[in-house]
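Below is one structure; the comments refer to it alone.
Just so it is clear, none of the values below were taken in a lab; they were calculated from the coordinates. Bear in mind that the values here come from a model prediction, so they are computed numbers and not experimental data. Counting neighbours? That spans all protein chains shown, and the Cβs are built from the backbone with ideal geometry, glycine included.
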Amino acid sequence: MATGSTICKVQLSIADMDRNYYETHELTIAQHPSETDQRLMVRLVAFALNASDSLLITKGIGADDEPDLWQKNYGGEIELWIDLGQVDEKRLRKACGRSERVIVYTYNIKSATAWWKQNSALFARFKNLSVFHLSTEGIEKLKERSMRLQCNISDGELTLHSELGDITVTQEKMNFS
């Protein structure tokens, strides 16, 4: 954890009708000083979309050798590697070599579109890679140091509810060229 990180406590209740997953998770997340509120909330969305008892939120921005989230089996092998934003080819190559599945979630449409146009043909060789763009406009307004969030997922659409309001997040799978 970086000096000056903000610690956030989250109670995240997930009702995922797509996967028949219904659980409440008590999470502690360290927000790196350079991490925006939007990015922190996108980490929570990525957690909700892939939630399991063994999915962990890592150090995030502060760790070069770890993804933003990962799931390991009992032998310590990485089953799922999740990164956010516009990940470089070298990092993705490493992730795809170390993990059964890799997911990248982008969330800034302008930079994500340019990144995807430049790299999608190169990324097509990674057979265990999936890339999704998340539309998360206004999600940062739900961020607090202590959060109680209700998350409903149906037909690939995620809705977050808190005392501060509701936000709907849609996801679009990026197709390799």
Mind checking the full-extension length gain between Asn175 and Gln11? Use 0.36 nm per residue of separation minus the Cα-Cα distance, one decimal, nm.
55.7 nm
If you place +1 on the Cβ of every Lys and Arg and -1 on the Cβ of every Asp and Glu, how big does the dipole about the Cα centre of the chain come out, in debye to the nearest 20?
600 debye
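Can you pull out the GluC sites (Glu not before Pro) in the stretch 1-77 whose DSSP state is coil and whose Cβ has at most 12 other Cβ atoms within 10 Å?
In loop regions of the stretch 1-77 (DSSP not H, G, I, E or B), the sparsely surrounded GluC sites (Glu not before Pro) are Glu77.
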Cβ density ranking, 10 Å radius, fewest first, applied to Asp16, Asp65, Asp83 yields Asp65, Asp16, Asp83
When the helices in the chain are scored as -39500 (n - 2.57) per DSSP H run of 4 or longer and the sum is shared across all residues, what 222 nm value do you end up with, to the nearest 500 deg cm²/dmol?
-7000 deg cm²/dmol
Cα-Cα longer than 21 Å, checked against Lys143/Lys173; Lys127/Lys173; Lys94/Lys127; Lys72/Lys173, kept in input order, equals Lys143/Lys173; Lys72/Lys173
Sites removed, the longest contiguous part of the chain containing no DSSP-loop trypsin sites (Lys or Arg not before Pro) with at most 14 other Cβ within 10 Å is 20-124
Least to most buried among Ser99, Ser34 (fewest other Cβ within 10 Å first)
Ser34, Ser99
Report, in whole Å, the centroid distance computed from the Cα atoms of the stretch 38-81 and the stretch 125-143.
13 Å
Which lysines, if any, have their Cα less than 23 Å from the Cα of Lys141, not counting same-chain residues under 8 positions apart?
Lys9, Lys59, Lys110
